[in-house]
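Following: one structure in C-alpha cells, then a few remarks.
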C-alpha cells in the first residue's frame, strides 16, 4: 500500500501497529490482503497506510473508538490476531491515538 490515506478533518483516531515478522510467509500475505479488504468494509474505517522493511508499520484510521473496538473483535480479525501471535510476529506493539491536527500538501 503506497498511497497516503485521505482522512477527514480531525478529530479521528489512528491505530498504529508496529511489528517484527518471523521468517517465512506461512499464509501471512494472503491473510494481510484479506484484512485490508475486510477493514475497508467496516463501519467507521477511514483509510490505511503501511510500510515494511525490518520494522513493519501499519496505521489504520477510524472515526471512533467504538469502530476500533468493533474491528478488534471482528471474528476474522480475531483469527488473524491469533495466528499473528502464534506464528507471524516475533514482536509487535499496538497504539491507539486521537488525531487532533492533520495537514500536508
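The values are calculated or read from the model by the stated rules, or taken from the named source; none is laboratory data. Just so you know, these numbers come straight off a predicted model, no measurement behind them. Here Cβ is always computed from backbone atoms with ideal geometry, including for glycine, and neighbour counts include all displayed protein chains.
Among the numbered criteria (1) without any contact (Cβ under 8 Å) to a residue 40 or more places away in the chain; (2) part of a strand (DSSP E or B), which one does residue 18 miss?
Failing condition for residue 18: (1).
Looking only at residues in the range 70-105 that are closer than 20 Å to residue 13 by Cβ, over 14 Å from the mean Cα position of the chain (by Cα) and in contact (Cβ under 8 Å) with a residue 24 or more places away in the chain, which one is surrounded by the most Cβ atoms within 10 Å (Cβ to Cβ)?
Out of the qualifying residues, it is 99.
Within the range 23-35, count every residue that is modelled with pLDDT of 95 or more and touching a strand residue (DSSP E or B) at 6+ places or on another chain (Cβ under 8 Å).
Final tally of qualifying residues: 0.
Does any residue of the range 45-61 turn out to be assigned to a loop (DSSP other than H, G, I, E, B), on the phi < 0 side of the Ramachandran plot, within 15 Å of the chain's Cα centre (by Cα) and free of Cβ contacts under 8 Å to residues at least 24 places away in the same chain?
Narrowing the range 45-61 to residues assigned to a loop (DSSP other than H, G, I, E, B): 53-55.
The next check asks that each one be on the phi < 0 side of the Ramachandran plot; those that pass are 53-55.
Filter once more, keeping what is within 15 Å of the chain's Cα centre (by Cα): 55.
Checking which are free of Cβ contacts under 8 Å to residues at least 24 places away in the same chain leaves us with none.
There is no residue in the range 45-61 that is assigned to a loop (DSSP other than H, G, I, E, B), on the phi < 0 side of the Ramachandran plot, within 15 Å of the chain's Cα centre (by Cα) and free of Cβ contacts under 8 Å to residues at least 24 places away in the same chain.
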